[in-house]
Amino acid sequence: MPMPRTADLRRELAAPSSIRSIWRQSLGSIELSQMVSLLQAADMGNADAYLTLAEEMEERDPHYASVLSTRKRAVLGLERKVESASDKRSDKKMADAVRALIAGPAFGQLLPALLDALGKGYSAVELVWDTGSTPWTPRYVWRDPRFFRYDRETGNTLRLLDDASGWAGIPLPPYRFIVHTPRLKMGLPIRGGLARLCASAFVCSKITLNGWLAYSETYGQPTRIGRYSAAATDEEKRLLREALQGLGQDAYAALGQGFDLELLAAPAGGGGSDLYERLLDNLQKLISKAVLGRSDAADATSGKLGNEQSSSEVRRDILESDAEELADTINAQLVRPFIDLNFGPQAVYPVFQFHFPEAEDLALLVTALEKLVPLGLKVEQSIIRDKFGLPDPDEGAELLGAPPAVTEPPVPQDGAAAVNRALNRATLPDIDPTAPLVERLGNEAEPLMNALLEPVRTALDDSADLMEFREKLLKLYPEMDSKAFAELMGQALAVADAAGYWDAQQ
């Protein structure tokens with residue numbers, strides 16, 4: 001790939017111009033036939049109207065905007081790492097440079113700009129390089145996707161609209177753009193965005209909502225009927241009409257003699273409002289399933305006890321796919337140009353990646369270490385610290401550790417020393433006489449505790465929520481017999497007192 005001129009790296013190529021206008025007319029209230037037409041136009045290479053629809057879907061549909069934002073932020077919340085190509089000093093230096101590049105706030109703004117491709121099918125960010133200091137670093141400028149066109153020959157190569165070349169566009173120069181194209185489905189990239197998949201549900205949702213509002217306006221208040229006599233004048237008729245209108249707005253009207261007024265309540269049954277609600281709910285579930293991979297609504301709650309995960313969580317396989325595709329784009333179109341411009345072309349490059357933390361049973365890990373380390377298992381301390389999220393200790397810091405082992409003094413052999421030794425704690429027995437009692441009490445306490453807590457566990461399992469469990473617990477408490485357990489606790493306190501006396505003697 002030929003290296004660009006330094007002056008070209010600093011110049012903006014895709015700024016707004018006469019052909020790249022930032023001002024676009026809104027689609028307004030879109031119908032199904034209009035949606036079909038603009039999708040067909042996008043298939044033929046003119047995607048302006050479709051991209052406008054994709055943008056307005058995020059602005060006009062709170063549910064679609066919410067689930068799409070959830071999917072984007074699931075990727076943005078992952079930890080970011082850079083792996084060196086090898087342990088060579090030069091490779092480590094390049095990896096450190098990339099780490100410094102992604103640590104800046106500008107990189108955090110780049111990621112959501114690239115993830116805009118999830119909805120529209122592609123996203124283009126221009127790289128404007130700062131060559132005044134080393135290393136050269138880029139400024140990221142998101143460009144309106146309507147500034148670009150896919151080529152007519154293959155439909156896979158993005159071209160920049162240009163005032164001189166018109167709608168045919170010009171090729172994107174190397175080192176100047178990052179174009180993210182997630183492969184949500186095979187085929188033309190312009191047909192791969194989530195907005196296209198959800199467009200029908202979006203339009204139907206708007207139609208359903210408009211119908212629901214019209215229904216509520218018509219049947220949400222009683223029908224007003226006014227009657228006037230055959231001898232009523234035009235002025236009297238006008239006053240009656242104004243009174244009927246006032247009933248709809250102000251809920252009161254003043255009428256003179258000779259007028260009759262009747263209010264007809266909205267018809268009961270028919271399932272009108274319920275029909276609109278159920279239809280809108282099903283359409284939103286379709287959108288959730290398309291975007292998040294699950295059909296439960298973004299604000300659903302189970303109402304049960306236990307550890308509940310948010311229903312808006314993105315399915316794990318979808319999250320991993322989004323993160324992997326985004327990392328591939330960054331490695332190919334940012335990391336490689338950055339290394340080439342600052343260190344020259346390389347055989348291998350540092351690798352940017354998202355890290356997925358794996359849930360581990362740390363208590364089980366501690367138990368395993370307690371048993372295996374004394375048997376000779378060698379474990380690196382830094383690995384264990386990383387698993388617990390503990391930093392490496394600073395030099396000279398006060399450290400936690402096992403207490404030092406107590407070394408008994410050697411036993412004297414002469415008689416005088418032996419007489420004095422009789423008064424020393426070393427003459428006391430080595431075995432705690434209360435230990436068997438402690439073990440016996442522990443064995444006896446376990447069945448008593450299980451019998452005492454079994455009704456509580458049953459009530460917890462049978463409860464649908466915390467309030468129901470509370471009511472069952474209040475009813476259960478007077479029936480609980482803790483006499484046997486209290487007697488056992490009395491014995492345990494006596495043994496504890498003996499054990500304390502033994503420790504004091506020791």
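The values are calculated or read from the model by the stated rules, or taken from the named source; none is laboratory data. Bear in mind that the values here come from a model prediction, so they are computed numbers and not experimental data. Cβ atoms come from the backbone with ideal geometry, glycine included; neighbour counts cover every protein chain shown. Remember, those area values only see protein heavy atoms, side chains included, never the ligands or the DNA or RNA. Shrake-Rupley method; radii C 1.70, N 1.55, O 1.52, S 1.80 Å.
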(request) For THR154 and ASP392, calculate 0.36 nm times their separation in residues minus their Cα-Cα distance, and state this gained length in nm to one decimal. (result) 80.3 nm
(message) Please report the accessible area of ARG10 (heavy atoms, 1.4 Å probe, ligands and nucleic acids excluded) in Å², nearest 10.
(response) 130 Å²
(message) Could you compute how much accessible surface PHE343 exposes when probed at 1.4 Å, giving the result in Å² to the nearest 10?
(response) 70 Å²
(request) Using amide H atoms built 1.01 Å from N in the peptide plane, name the residues 5+ places from ARG159, or on other chains, whose amide H lies under 5 Å from its own. (result) ARG149, TYR150, ASP151
(request) Rounded to whole Hz and in sequence order, give me ³J(HN,Hα) for region 346-351 from the Karplus expression 6.51 cos²θ - 1.76 cosθ + 1.60, θ = phi - 60°, writing x for Gly and Pro. (result) 10, 6, 9, 10, x, 10
(message) Which one, SER21, MET35, ALA49, projects farthest toward the positive side of the charge dipole computed for region 12-60 from Cβ point charges (K/R +1, D/E -1)?
(response) SER21
(request) With a 1.4 Å probe and all protein chains in place, put SER84, SER205, SER33 in order of accessible area, largest first. (result) SER33, SER84, SER205
(message) Can you give me the long-range amide H partners of GLN346? Hydrogens built in the peptide plane at 1.01 Å from N, cutoff under 5 Å, separation of 5 or more residues or another chain.
(response) none
(message) Name the residue from ALA323, THR367, GLN333 whose Cα lies farthest towards the positive end of the charge dipole of region 319-369, charges +1 on Cβ of Lys and Arg and -1 on Cβ of Asp and Glu.
(response) GLN333
(message) Taking the Cα centre as origin and putting +1 on Lys and Arg beta-carbons and -1 on Asp and Glu beta-carbons, what dipole magnitude results for region 1-119, to the nearest 20 debye?
(response) 820 debye
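Within the accessible area of region 66-114, what % is carbon and sulfur when the probe is 1.4 Å and the other protein chains stay in place?
48 percent
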(message) Just to confirm the filter: which GluC sites (Glu not before Pro) across region 326-386 are DSSP coil and have at most 15 other Cβ within 10 angstrom of their Cβ?
(response) GLU358, GLU360, GLU380
(message) Exceeding 28 Å between C-alpha atoms, which entries from my cross-link table qualify? They are LYS206/LYS289; LYS81/LYS289; LYS72/LYS185; LYS185/LYS206; LYS120/LYS289.
(response) LYS81/LYS289
(message) Using the Cα centre of region 68-127 as origin and beta-carbon charges of +1 (Lys, Arg) and -1 (Asp, Glu), tell me which of GLY104, SER90, GLY77 is placed farthest towards the positive end of the dipole.
(response) GLY77
(request) Diagonalise the Cα gyration tensor of region 117-205 and give the resulting equivalent ellipsoid semi-axes, square root of 5 times each eigenvalue, largest first, whole Å. (result) 28, 17, 12
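Using a 1.4 Å probe, what is the accessible area per residue for region 329-388, in Å²?
Heavy-atom SASA per residue in region 329-388 reads 65 Å².
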